[in-house]
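*Asks:* This is the structure, below, for whatever I ask next.
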Amino acid sequence: METISFERSIPVRHQVDVLVAGGGPAGCAAAWAAAKMGRKVLLLEGHSCLGGLGTAGMVPTFMHISDGYHLLCAGFASALLERLYQGAVHLKTGETGAGLSIRAEELKRIYDELLTEAGVEFYFHSQLIGVTMEGRKIDTAVFAAKSGLFAVRARQFVDCTGDGDLSVMAGAPFDMGDEEGHTMAGSLCSLWSGIDWKRVQKPDDREIARAIEDGVFAVPDHSLPGMWKISDSVGGGNIGHVFGLDATDEHSLTKGLIRGRQYMREYETYYKKYLTGYENMELIATASLLGIRESRRIRCVETLTFEAFRTLAVFRNEIGRYNYSVDIHPSNPSLEEHLKTSGNFSARHLAKGQSYGIPYGALVPQNTENLLVAGRCIGTDKLMEGSIRVMPGCYITGQAAGAAAALCAGNAQAPAGLNVQTLQKVLLELGAYLPNAKTED
């Protein structure tokens, strides 16, 4: 392949305490937390809105926000959920909060409001393209925008890109997929009108098997995540798997978006012909952001493993607790893969009141000195990425990473050396749920 040398001088447009790369749920929580602690914070997002998959990605529902007794993602998410649902979300009733439907346009505005009120400076259409390094420290992060290339100098950086882009650019090692590199399928979410929710019945494997036998689908996908009620006649579709995706490659993402849009006709046929209540459904929109469930997992100074889930682990340095099931979607469309993943999902649930701890070290990338990571790409094994990757998990890790970055920026220290008891104290002040925090020796 031919290569060229491309060199130019670019302006250092911003100098801040904390730079957050990526404005998804983790990035919003990180920027909010750091700003609440009085730091000068800049958040840069490559897309046209904050919120990531819950807004641009049209994911129609939140997964577990509660263990049935406690709001696990408390703090930033408390304020967000209260505004989104016009009042406090009731969590004392034994419910986990899973299945709370999302109105994406309202959620976009709430993210804008919360970050603006916290004093966060943020911009859209600003794509991270590189870094400059001084040893193991990031000196500047380089972005491309409509106004041209520019650099940002910060004391601390937080990688909330979802794919660990900033961490990899800074030299952190990573893993991706299983032993053979296979990752979970993605999905292109969608919005539908004309649904008669009073007549809708929950589908089962028999309908999808019959549609596959009838040749409805170009790719015989046996798994169907589902359709969630958004309003009286509108549904949010997390339907159809896009297999073989590499979220770090634009060619793969392009093919995935094309395939996902093509699948909408097939799923419209399926819902209208094989299920009740959907006879008059009509496609309103598909998401502008492809739903990615799995890509890079950054190697951090600690790794959150399935053992923590199985044993309900408590860590001295934990920055939060979470409890969503280990939700691994199929990596290929075979019936064998469907049965394996759906069976494993059924077996990997936690009971009411149970949760696992998240260690601070899983937010600190190896081989770096002024960088933290949050969201689905933190330091986990493959199984635990299947649990922590959802939005409430991202709020927990994002809030902790933002608070840690603020502390490190103020003390001019590396994240690996941060006093975690101090961090836990700050997180409690921000409203986090930390029942095992030891803020005093």
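The values are calculated or read from the model by the stated rules, or taken from the named source; none is laboratory data. On a predicted model such as this, the values are computed, not experimentally measured, just so you know. As a convention, Cβ positions derive from the backbone with ideal geometry for all residues, glycine included, and neighbour counts pool all protein chains shown.
*Asks:* What is the one condition in (1) closer than 30 Å to residue 125 by Cα; (2) outside any strand (DSSP E or B); (3) not β-branched (Val, Ile, Thr) that residue 203 does not satisfy?
*Replies:* (1)
*Asks:* Name the residues in segment 85-105 that are modelled with pLDDT of 95 or more and touching a helix residue (DSSP H, G or I) at 6+ places or on another chain (Cβ under 6 Å), would you?
*Replies:* 102
*Asks:* Follow-up. Out of segment 208-230, which residues are over 19 Å from residue 337 (Cβ atoms), crowded, with 16+ Cβ neighbours inside 10 Å and touching a helix residue (DSSP H, G or I) at 6+ places or on another chain (Cβ under 8 Å)?
*Replies:* 216, 227, listed by residue number.
*Asks:* Against the conditions (1) at pLDDT below 95; (2) closer than 15 Å to residue 108 by Cα, where does residue 47 fall short? Just the number, please.
*Replies:* (1)
*Asks:* Additional query: Checking residue 210 against (1) in a loop (DSSP other than H, G, I, E, B); (2) among the charged types (D, E, K, R); (3) outside the structural domain of residue 333 (by TED's automatic domain parsing), only one condition comes out false. Which one?
*Replies:* Of (1) in a loop (DSSP other than H, G, I, E, B); (2) among the charged types (D, E, K, R); (3) outside the structural domain of residue 333 (by TED's automatic domain parsing), only one is false for residue 210: (1).
*Asks:* On to the next question. Can you tell me how many residues within segment 314-341 are over 18 Å from residue 389 (Cβ atoms) and not β-branched (Val, Ile, Thr)?
*Replies:* Number satisfying all stated conditions: 13.
*Asks:* Looking at 162, 148 in this structure, which one is farther than 30 Å from residue 416 by Cβ and assigned by TED's automatic domain parsing to the domain that holds residue 380?
*Replies:* The match here is 148.
*Asks:* If you don't mind, there's one more thing I want to ask. Please find, within segment 20-45, the residue that is surrounded by the most Cβ atoms within 10 Å (Cβ to Cβ) out of those that are basic (Lys, Arg) and in a loop (DSSP other than H, G, I, E, B).
*Replies:* So, considering only residues that are basic (Lys, Arg) and in a loop (DSSP other than H, G, I, E, B), the one surrounded by the most Cβ atoms within 10 Å (Cβ to Cβ) is 39.
*Asks:* Report yes if residue 302 is charged (D, E, K, R), farther than 17 Å from residue 382 by Cα and either modelled with pLDDT under 95 or touching a Phe, Trp or Tyr at 6+ places or on another chain (Cβ under 8 Å) (or both), otherwise no.
*Replies:* It is false that residue 302 is charged (D, E, K, R), farther than 17 Å from residue 382 by Cα and either modelled with pLDDT under 95 or touching a Phe, Trp or Tyr at 6+ places or on another chain (Cβ under 8 Å) (or both).
Quick grid of which residues meet (1) more than 20 Å from residue 374 (Cα to Cα); (2) in a strand (DSSP E or B):
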| position | (1), (2) |
| --- | --- |
| 150 | yes, yes |
| 161 | no, no |
| 166 | no, no |
| 171 | no, no |
| 178 | yes, no |
| 184 | no, no |
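*Asks:* Go over the candidates 9, 48 one by one and state the one that is surrounded by fewer than 16 Cβ atoms within 10 Å (Cβ to Cβ), farther than 20 Å from residue 432 by Cβ and in contact with a His (Cβ under 8 Å, 6 or more places away or on another chain).
*Replies:* That would be 48, the only listed residue that is surrounded by fewer than 16 Cβ atoms within 10 Å (Cβ to Cβ), farther than 20 Å from residue 432 by Cβ and in contact with a His (Cβ under 8 Å, 6 or more places away or on another chain).
*Asks:* Conditions: (1) under 29 Å from residue 332 (Cα atoms); (2) more than 23 Å from the chain's Cα centre (by Cα); (3) surrounded by fewer than 16 Cβ atoms within 10 Å (Cβ to Cβ). Residue 173 meets all but one. Number of the miss?
*Replies:* (2)
*Asks:* Quick one: what pairs do we get from segment 23-37, first residue aromatic (Phe, Trp, Tyr), second part of a helix (DSSP H, G or I) and at pLDDT 95 or above, C-beta under 7 Å, 6+ apart or different chains?
*Replies:* Correct list of pairs: 32/76; 32/114; 32/115; 32/118; 32/402.
*Asks:* Before we move on, is residue 190 among the polar types (S, T, N, Q), more than 20 Å from the chain's Cα centre (by Cα) and either surrounded by 15 or more Cβ atoms within 10 Å (Cβ to Cβ) or at pLDDT 95 or above (or both)?
*Replies:* Judged against the criteria, residue 190 is not a match.
*Asks:* Sticking with this structure for a sec: Which of the residues that make up segment 110-129 are closer than 25 Å to residue 191 by Cβ and surrounded by fewer than 17 Cβ atoms within 10 Å (Cβ to Cβ)?
*Replies:* Selection gives 112, 113, 124, 125.
*Asks:* Does residue 400 satisfy the condition of being over 14 Å from the mean Cα position of the chain (by Cα), buried (at least 24 other Cβ atoms within 10 Å of the Cβ) and touching a residue at least 40 places away in the same chain (Cβ under 8 Å)?
*Replies:* Against the criterion (over 14 Å from the mean Cα position of the chain (by Cα), buried (at least 24 other Cβ atoms within 10 Å of the Cβ) and touching a residue at least 40 places away in the same chain (Cβ under 8 Å)), residue 400 qualifies.
*Asks:* Which residues, taken from segment 362-397, are in a helix (DSSP H, G or I) and either surrounded by fewer than 21 Cβ atoms within 10 Å (Cβ to Cβ) or outside the structural domain of residue 70 (by TED's automatic domain parsing) (or both)?
*Replies:* Of everything in segment 362-397, those that are in a helix (DSSP H, G or I) and either surrounded by fewer than 21 Cβ atoms within 10 Å (Cβ to Cβ) or outside the structural domain of residue 70 (by TED's automatic domain parsing) (or both) turn out to be 382, 383.
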